[in-house]
1. Is it true that some residue in segment 2-18 is among the acidic types (Asp, Glu), out of contact with any Ser or Thr (no Cβ under 7 Å at 6 or more places or on another chain), in a loop (DSSP other than H, G, I, E, B) and open to solvent by 50 Å² or more (accessible area, probe 1.4 Å)?
2. Does Arg58 satisfy the criteria of being at pLDDT 85 or above and within 21 Å of Leu135 (Cα to Cα)?
3. If you scan segment 11-40, which residues turn out to be in contact (Cβ under 8 Å) with a residue 40 or more places away in the chain and out of contact with any strand residue (DSSP E or B) (no Cβ under 8 Å at 6 or more places or on another chain)?
4. Got a number for residues in segment 25-53 being under 16 Å from Gln5 (Cα atoms) and not small (Gly, Ala, Ser)?
5. Consider segment 22-50. How many of its residues are assigned to a loop (DSSP other than H, G, I, E, B) and open to solvent by less than 30 Å² (accessible area, probe 1.4 Å)?
6. Quick check on my filter: what residues within segment 51-73 are of a type in the set (A, V, I, L, M), out of contact with any Asp or Glu (no Cβ under 6 Å at 6 or more places or on another chain) and in a strand (DSSP E or B)?
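The values are calculated or read from the model by the stated rules, or taken from the named source; none is laboratory data. These numbers were taken from a predicted model, which means no experiment stands behind them. A quick note on method: Cβ atoms are made from the backbone with ideal geometry, for glycine too, and the neighbour counts reach across all protein chains shown. Note: accessible area is taken over every heavy atom of the protein model, side chains too, but ligands, DNA and RNA are not part of it. Shrake-Rupley method; radii C 1.70, N 1.55, O 1.52, S 1.80 Å.
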Amino acid sequence: RFSFQLRNKSIRAEVDVEEGIDSVWLDRDQIDQVLDNLVSNAIKYTLDGGRIVISARRLDPAMVAISVKDTGIGIPKKDLNRIFERFYRVDKARSRNMGGTGLGLSIAREIVKAHGGSISLDSELNEGTTVTVMLPAPQEEGERA
């Protein structure tokens, strides 16, 4: 879905799914929307030649952590506590030029909360950002050990 944008900016993307995560029960369309937003942001704010890693790991039998990590421009510490607010944009002029509305992370947070999960963000200015989504994701009945 993002191959054109990745090639355009020469961004290397990797997917790292921990062994043993074959399938989980989630609302695919809504979690797809969350991941679309996170990957789109990672591409938008990663400079040409950067890197994005999407990873998934099972924290316990009923919890999955999905992370999107980039080598992008990062977010200033002063903005981190407001980043999930509706319409909040770190750099309003730049976001407008890049097509941002300031709703993506707020919507992602609401979707994740509706699934009984949580979303967190860790960022260093000029080093990159990692967004982690924690979701209850019990295995299919037949897959339990």
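1. Narrowing segment 2-18 to residues among the acidic types (Asp, Glu): 14, 16, 18.
Those still in the list that are out of contact with any Ser or Thr (no Cβ under 7 Å at 6 or more places or on another chain) too: 14, 18.
Remaining after also requiring in a loop (DSSP other than H, G, I, E, B): 18.
Of the ones still in play, those that are also open to solvent by 50 Å² or more (accessible area, probe 1.4 Å) are 18.
Yes, because at least one residue in segment 2-18 is among the acidic types (Asp, Glu), out of contact with any Ser or Thr (no Cβ under 7 Å at 6 or more places or on another chain), in a loop (DSSP other than H, G, I, E, B) and open to solvent by 50 Å² or more (accessible area, probe 1.4 Å).
2. Answer is yes for this residue.
3. If the condition is that a residue be in contact (Cβ under 8 Å) with a residue 40 or more places away in the chain and out of contact with any strand residue (DSSP E or B) (no Cβ under 8 Å at 6 or more places or on another chain), then Asp22, Ser23, Trp25, Asp27, Gln30, Gln33, Asn37, Ser40 are the ones that fit.
4. At the first step, the residues of segment 25-53 found to be under 16 Å from Gln5 (Cα atoms) are 35-53.
Checking which are not small (Gly, Ala, Ser) leaves us with 35-39, 41, 43-48, 51-53.
Summing the residues that are under 16 Å from Gln5 (Cα atoms) and not small (Gly, Ala, Ser) in segment 25-53 gives 15.
5. Taking segment 22-50 and keeping what is assigned to a loop (DSSP other than H, G, I, E, B), we get 22-27, 45-50.
Still in the list and also open to solvent by less than 30 Å² (accessible area, probe 1.4 Å): 46, 50.
The qualifying residues number 2.
6. Looking only at segment 51-73, we keep the residues that are of a type in the set (A, V, I, L, M), and these are 52-54, 56, 59, 62-66, 68, 73.
Checking which are out of contact with any Asp or Glu (no Cβ under 6 Å at 6 or more places or on another chain) leaves us with 54, 56, 59, 62-66, 68, 73.
Selection gives Ile54, Ala56, Leu59, Met63, Val64, Ala65, Ile66, Val68.
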